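What follows is a single structure, written as structure tokens, with notes after it.
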Amino acid sequence: MKPETFINKTKESFGFLAQNYGFSEPEVKDYGREIFVYFHRNDETVSVSMEIGTEPIIEIFLLCEGTQEKPVPWAERNGKQRFRKFPKFSVIKDFFNEAPNKLEETESEWLKT
């Protein structure tokens, strides 16, 4: 998949995070072989990324404060330590049609806070 296609499909498919749950408009970071589209809500982040030639993945970054989770050193935001979580679902056919719905379903409690 071309980088531009990935970016546009991610913005379109995951736009509900900004529209319904108070996340920022997407922030794109293109590192050449890897592309990340971030949706931030304060110090929390939903990251949709793709390495050229692989399937996209979703990661959620949450504050360590008040948890027993171990911080990921490179995941710090605004000087606050965060941990990384992978949503527990699989996508069988079409990532951009299935993943947004499954993310909203499996993470609904967190998204609504």
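The values are calculated or read from the model by the stated rules, or taken from the named source; none is laboratory data. This structure is a prediction, so every number in the text was calculated from the model and none was measured. Here the Cβ is made from the backbone with ideal geometry for all residues, glycine too, and neighbour counts use every protein chain on show.
Within the range 56-68, which residues are at pLDDT below 95 and of a type in the set (D, E, K, R)?
Scanning the range 56-68 gives a single hit, 65.
Given the criteria of a type outside the set (Ser, Thr, Tyr), in contact (Cβ under 8 Å) with a residue 40 or more places away in the chain and touching a helix residue (DSSP H, G or I) at 6+ places or on another chain (Cβ under 8 Å), does residue 55 qualify?
Criteria met by residue 55.
Report whether or not residue 29 is among the charged types (D, E, K, R), surrounded by fewer than 18 Cβ atoms within 10 Å (Cβ to Cβ) and not in a strand (DSSP E or B).
Here the answer is no, as residue 29 does not meet what is asked.
Return the pairs, sorted by first residue and then second, in which the second residue is of a type in the set (Lys, Arg), the first residue lies in the range 71-97 and is under 18 Å from residue 42 (Cα atoms), the beta carbons are less than 6 Å apart, and the residues are 6+ apart or on different chains.
Going by the 6 Å Cβ cut-off, the qualifying pairs are 72/84; 75/82; 75/84.
Name every residue in the range 55-71 that is assigned to a strand (DSSP E or B), farther than 23 Å from residue 33 by Cβ and among the charged types (D, E, K, R), in order of residue number.
If the condition is that a residue be assigned to a strand (DSSP E or B), farther than 23 Å from residue 33 by Cβ and among the charged types (D, E, K, R), then no residue fits.
Those residues that are farther than 15 Å from residue 111 by Cα, surrounded by fewer than 15 Cβ atoms within 10 Å (Cβ to Cβ) and hydroxyl-bearing (Ser, Thr, Tyr), I need them from the range 1-26; list them, please.
Result: 5, single match.
Can you give me the number of residues within the range 58-83 that are surrounded by fewer than 16 Cβ atoms within 10 Å (Cβ to Cβ) and not aromatic (Phe, Trp, Tyr)?
The qualifying residues number 13.
Does the range 89-107 contain any residue that is more than 27 Å from residue 3 (Cβ to Cβ), in a loop (DSSP other than H, G, I, E, B) and acidic (Asp, Glu)?
Within the range 89-107, not a single residue is more than 27 Å from residue 3 (Cβ to Cβ), in a loop (DSSP other than H, G, I, E, B) and acidic (Asp, Glu).
Hey, among 91, 46, which residue is of a type in the set (A, V, I, L, M, F, W, C), surrounded by 15 or more Cβ atoms within 10 Å (Cβ to Cβ) and modelled with pLDDT under 95?
Sole residue among the options that is of a type in the set (A, V, I, L, M, F, W, C), surrounded by 15 or more Cβ atoms within 10 Å (Cβ to Cβ) and modelled with pLDDT under 95: 91.
Would you point out the residue of the range 72-88, among those that are of a type in the set (A, V, I, L, M, F, W, C) and not in a helix (DSSP H, G or I), that is nearest to residue 57 (Cα to Cα)?
86
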